[in-house]
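The values are calculated or read from the model by the stated rules, or taken from the named source; none is laboratory data. Worth saying up front: this structure is predicted, and the values here are computed from it rather than measured. Neighbour counts run over all protein chains shown; Cβ positions are idealised from the backbone, glycine included. Surface accessibility is based on the protein's heavy atoms, side chains included, excluding ligands, DNA and RNA. Shrake-Rupley method; radii C 1.70, N 1.55, O 1.52, S 1.80 Å.
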Amino acid sequence: MKGKVVKLLMVFIMTFSIFTGFMNKNTYTQVNASASDSYLSNIKKKGTIVMGTAPDYPPYEFTKNEGGQAKILGADIELAKQIAKNMGVKLKIKSMSFDSLLVALQTGKVDMVIAGLTKTPERAKSVDFTIPYYNGGQSLLVNSNDNSIKSYKDLNNQSVGVQTGSTQYNLVKQQVKNASLKGMESVNDLVLALKTNKVKAVAVESATGEAYASNTPGIKAIDAKFNTAKAQNVVAFHKGATSLVNAANKTIKAANASQEFEKKFIPEASKQMGTSAKKQKISVWQQMYNYKDYFIKGTEYTILISIIGTILGLLLGILLALMRLSKNKLFHAIAVAYIEFIRGTPLMVQIMFVYFGLGTIVNVPALTSGIIAVFINSGAYVAEIIRSGIESIDDGQSEAARSLGFSSHQTMQIVVLPQAIKNILPALGNEFVSLIKESSIVSIIGVTDLIYQLRIVQADTYQGVVPIFIVMVIYFILTFGISRLLGLLEGRLKHEE
Ligand code: ARG
């Protein structure tokens, strides 16, 4: 037993060191690149600069429905366009959650981050900043009928919503006494939490506070009056990308001279912002109907990821199951280690690891990363399904077959497998159904599945609950429909017995 554990550990360590070895090599080349700082020339060669942003922060960045397409608009986007234009390259926008942005920048997923991002000494340790392009104040969003809160001082001992990874998180933590902080990834969720009285207030930048307050019925924005100088918003680049910082600084200097950001970009963005159903004078359901393309597209992606995930997962699962059942000790150990490791870590972490971790070696797009993570994960479960299917066939049967003179191959093929498959198929069906649900996590890396589209619709329509309900119904229809279909197939198999 002990020997087995030691062997397992060794396989683990070996796989891990091969992997980290790869990574180190990669960091080394990156360091080299920054020493001569070829960042700007690389971007020019590529012809595109990729900007990362979190479009839940109007008027800086937000999404808007334009003919069934979610467009990312906002004052930050206007600034980004100018920066790209002055560099002579095209702008590409990647959206993700706010707390993933700086990681994405460090791992080369994006070339710059513009996201209402405030300059802080901690952040400056891992990325480089331009000069500030805007100085924002701090607001608190509160329910309109709540007059008990006039500033951050009235929030002592209350629960306050803040975006995870934001400077507001620290502001509240440091200045509000005994606040219970509710950190969430998206500001839309925070606003929903406020409306449903899960939190007393939500801390955001002033311009964003005003944008939400003017479009969300029932909430208002007040000055937070924190004891801090104004937040300086800056553009972030990879550490050492001085050539890019300098180029962007030139654009920002020119914009600052004419106060273009506050006088032109913000007012223009405010005009483009989506408006609530109430303001448009249409019913919520009609408003949701206008967003049907989003739900359809999300459903398509969810199905696509689950189907490819299941098929590839099945192939990997068969391989792993054979390895695990094989007499070769090394194969057996690798399979056991893989299965245990994958089953012992959350799919969410695996997705982030594939996207950001593997991403440092080869640049894998979000959708591919999502599919890879899903099938890597599913493979481990499928392997166990297949193994237990095979093991469920009583040993006596194989022994009987062997004593009748069947070879071990024949025994497998003629006696064991046909029976095992009948046990395996229903479990595989369940695996497919659970992938439909579990793959919902891929939205964290920006794969445009149902959950991702849900976020966009929520942000765009200022409706919190109705889109969640719709997505819930879609998931149910998908899983219930597939379960019934599989049930029918299973019935048929039984018949053939
Ligand atoms: N200014 C704050 C910060 O830098 C919040 C920015 C949030 N931006 C966003 N796109 N959600 O932490």
On the given criteria, is Val160 touching a helix residue (DSSP H, G or I) at 6+ places or on another chain (Cβ under 6 Å), open to solvent by less than 20 Å² (accessible area, probe 1.4 Å) and part of a loop (DSSP other than H, G, I, E, B)?
no
Which members of the stretch 259-284 meet the condition of being outside any helix (DSSP H, G or I), open to solvent by 60 Å² or more (accessible area, probe 1.4 Å) and closer than 23 Å to Val113 by Cα?
Gln259
Selection within the stretch 111-125 - more than 13 Å from the ligand (Cβ to nearest atom) and either open to solvent by less than 50 Å² (accessible area, probe 1.4 Å) or touching a residue at least 60 places away in the same chain (Cβ under 8 Å) (or both):
Asp111, Met112
Return the pairs, sorted by first residue and then second, in which the second residue is away from the ligand (no atom under 13 Å from the Cβ), the first residue lies in the stretch 229-240 and is of a type in the set (D, E, K, R), the beta carbons are less than 6 Å apart, and the residues are 6+ apart or on different chains.
Lys239/Asp128
Residues of the stretch 163-184 being in a strand (DSSP E or B) and either among the hydrophobic types (A, V, I, L, M, F, W, C) or within 15 Å of Asp99 (Cβ to Cβ) (or both), which ones?
Gln163, Leu181, Lys182, Gly183, Met184
Inside the stretch 61-75, can you point out the residues that are touching a residue at least 60 places away in the same chain (Cβ under 8 Å) and in contact with a strand residue (DSSP E or B) (Cβ under 6 Å, 6 or more places away or on another chain)?
Thr63, Lys64, Ala70, Leu73, Gly74
Being modelled with pLDDT under 90 and open to solvent by less than 80 Å² (accessible area, probe 1.4 Å) is the requirement here; does Leu435 meet it?
no
Exactly one of Ile444, Ile421 is part of a helix (DSSP H, G or I), open to solvent by 60 Å² or more (accessible area, probe 1.4 Å), modelled with pLDDT under 90 and more than 19 Å from Ser326 (Cβ to Cβ), and that one is Ile421
Quickly run through the stretch 464-482 and pick out the residues that are more than 21 Å from the chain's Cα centre (by Cα) and surrounded by 14 or more Cβ atoms within 10 Å (Cβ to Cβ).
Val466, Leu478, Thr479, Ile482
Members of the stretch 325-374 that are among the charged types (D, E, K, R) and touching a helix residue (DSSP H, G or I) at 6+ places or on another chain (Cβ under 9 Å)
Lys329, Glu340, Arg343
